[in-house]
Amino acid sequence: MALADFDIVLFGGGGDLAMRKLLPALFARDRDGHLPPAARIICAGRHLWSQEEFQQFLDKSARPHIDAAATEPQRWLAFCARIQYVGLDATDPAAYAPLIAAMRADPNLVRVFYMATPPSLFSRICHNLAQVGLANAHSRVVLEKPLGRDLASARQINAEVGKVFAESQIYRIDHYLGKETVQNLLALRFGNVLFEPLWRREWISDVQITIAEELGVGNRMEYYDTAGALRDMLQNHLLQLLCIVAMEPPLSVQADSVRDEKLKVLRSLKRFTPSTLAQDVVRGQYRSGHVDGVAVPGYRKEGAPADSRTETFVAVKAEIDTWRWSGVPFYLRTGKRMADQLAEIVVRFKAIPHSIFAQSSSTFQPNCLVIRLQPDEGLQLNLMAKTPGDRMRLKPVELELDFREQFKMPRMDAYERLLLDVLRGQLTMFMRSDELEAAWEWVEPILNFWEQEQTEPLPYSAGTWGPAAASALIGRDGLQWREEV
Ligand code: BG6
């Protein structure tokens, strides 16, 4: 579908997200001819840079993140020439004149305002856009995560932004929903007859969802130390993945059909009690160690306050109180400076009820479906098969689907796909306000518990799978994380 003409403004347009993700994504879509020639891309930032200074910064900061192999240098230069930079204090409505001048006056044009700023600025910028006459019924606003720090601040942002924009104009982005394999999970579940009958408590024993990063906090300490892994990853990315795995079949892929079903999952998550909080949640913080053979410092030596209690790892046992999922544990974990860089969903099926072979059924590995999001996107189905020869000996084997091998075509980054959705007005892969609030409602008791307890996060060495308590969390149920088997 061709894109209608638009103007897009990136607030935080000189920032890290714009340089690493948003501009490279827009560039890739421009390179492939998706962006209408007249569309304007405007970066609005607090530095009072000249156009030339901005272009130099762009070349230094965004260019390393583009796919140079698929790009001729002239294309990058042509893209840079399309971007206008506007330096302004976005909190001051009197400062918006240069932005108004940079945008086209046509009131019927789609205007997209992308908030790549701290969430504390979302409401003010939206009100300012309304005040200076830039927001109208054709506008769309994109809100980056984290949306607030807790339920109250998320509600406040929703209420304030909602005074300016209708829900149908608000795109709360979670880039995990833009990942190819996450969208493929919808295809797997609802485009095949095979899995859905088995996708329930009668056949599934447990689900593990892991997002592990080898990277540390890097130059994002200022943000990260006030957020931590729970706000940065669990409240959004991990819970969204859980929703896609656990939701009931939506009526269609229309936005509210999907979002209604995700909301039901979030609302069915079993609430924590004081004892489950102590037992089913683990938080950790990395100390020095080795990642890929390279010595790395601990979190507190990377610029965090010496007594920082911010968690860089969190693991949780979640349960969903519905007929479909009652009694099936969902183990979620994420951390920085872990032993590997991977994101995956592991759905483990129940053991066979009885072995007809000489081998005891306890030597059979239960079937297991691994949905790999990163680093290489794919699916793996573990089965039992007979080993060749005249004896009936069974052995675990793997059926492997590598999406890169299967579909030999150029890939799109999650931000490319989601930006196209915004420009096309497709809301399915964006969170609705009630979903966001339901997710905060579920995680908030964990934050309160940590606050009250005043305990230290458990230390773990960089380059490991997190604190030993995370293995114990799943070990109590007689299970192991897939990587630790
Ligand atoms: C972001 C978090 O939302 O996701 C980062 O703020 C994290 O801390 C990143 O590194 C992980 O995303 P991806 O796509 O690299 O797995």
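From the list LEU418, LEU423, LEU427, the one residue that fits, being away from the ligand (no atom under 16 Å from the Cβ), in contact (Cβ under 8 Å) with a residue 40 or more places away in the chain and closer than 15 Å to TYR176 by Cα, is LEU427. Specify the residue that is farthest from the ligand (Cβ to nearest atom); the eligible residues are those in the stretch 186-232 that are among the charged types (D, E, K, R), at pLDDT 95 or above and closer than 23 Å to GLY289 by Cα. Ranking the qualifying residues of the stretch 186-232, first place goes to ASP225. When THR226 is tested against (1) surrounded by fewer than 18 Cβ atoms within 10 Å (Cβ to Cβ); (2) within 23 Å of VAL347 (Cβ to Cβ); (3) among the β-branched types (Val, Ile, Thr), only condition (2) is not met.
Can you tell which of GLN183, GLN279, GLN235 is within 16 Å of the ligand (Cβ to nearest atom), of a type outside the set (Asp, Glu) and surrounded by fewer than 21 Cβ atoms within 10 Å (Cβ to Cβ)?
Matching residue, one of GLN183, GLN279, GLN235: GLN183.
Provide a single number: the residues in the stretch 130-155 that are buried (at least 21 other Cβ atoms within 10 Å of the Cβ), farther than 14 Å from TYR114 by Cβ and modelled with pLDDT of 95 or more. Summing the residues that are buried (at least 21 other Cβ atoms within 10 Å of the Cβ), farther than 14 Å from TYR114 by Cβ and modelled with pLDDT of 95 or more in the stretch 130-155 gives 1. In the stretch 356-377, the residues that are under 20 Å from GLN183 (Cα atoms) reach residues that are of a type in the set (Ser, Thr, Tyr) and modelled with pLDDT under 95 with C-beta atoms within less than 9 angstrom, at least six apart or across chains, in these pairs: ILE371/THR181; ARG372/THR181; LEU373/THR181; GLN374/THR181; GLU377/THR181. When ARG104 is tested against the conditions (1) of a type in the set (Lys, Arg); (2) closer than 21 Å to SER50 by Cα; (3) part of a strand (DSSP E or B), the lone failure is (3). Residues considered: LEU436, LEU427, LEU447. Of these, the only one that is at pLDDT 95 or above and over 23 Å from ILE320 (Cα atoms) is LEU427.
Matching residues to (1) of a type outside the set (A, V, I, L, M); (2) surrounded by fewer than 16 Cβ atoms within 10 Å (Cβ to Cβ); (3) within 26 Å of TYR96 (Cα to Cα):
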residue: ASP32; (1), (2), (3): yes, yes, no
residue: PHE54; (1), (2), (3): yes, no, yes
residue: ALA70; (1), (2), (3): no, yes, no
residue: ALA81; (1), (2), (3): no, yes, yes
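Can you tell me which residues in the stretch 325-348 are in contact with a strand residue (DSSP E or B) (Cβ under 6 Å, 6 or more places away or on another chain) and away from the ligand (no atom under 13 Å from the Cβ)? Those that are in contact with a strand residue (DSSP E or B) (Cβ under 6 Å, 6 or more places away or on another chain) and away from the ligand (no atom under 13 Å from the Cβ): VAL328, PRO329, PHE330, TYR331, LEU332, ARG333, ALA339, ILE345, VAL346, VAL347, ARG348.
The values are calculated or read from the model by the stated rules, or taken from the named source; none is laboratory data. Predicted model, so just to flag it, every value in this text is computed and none were measured. Every residue, glycine as well, gets a Cβ built from its backbone with ideal geometry; the counts of neighbours run over all protein chains shown.
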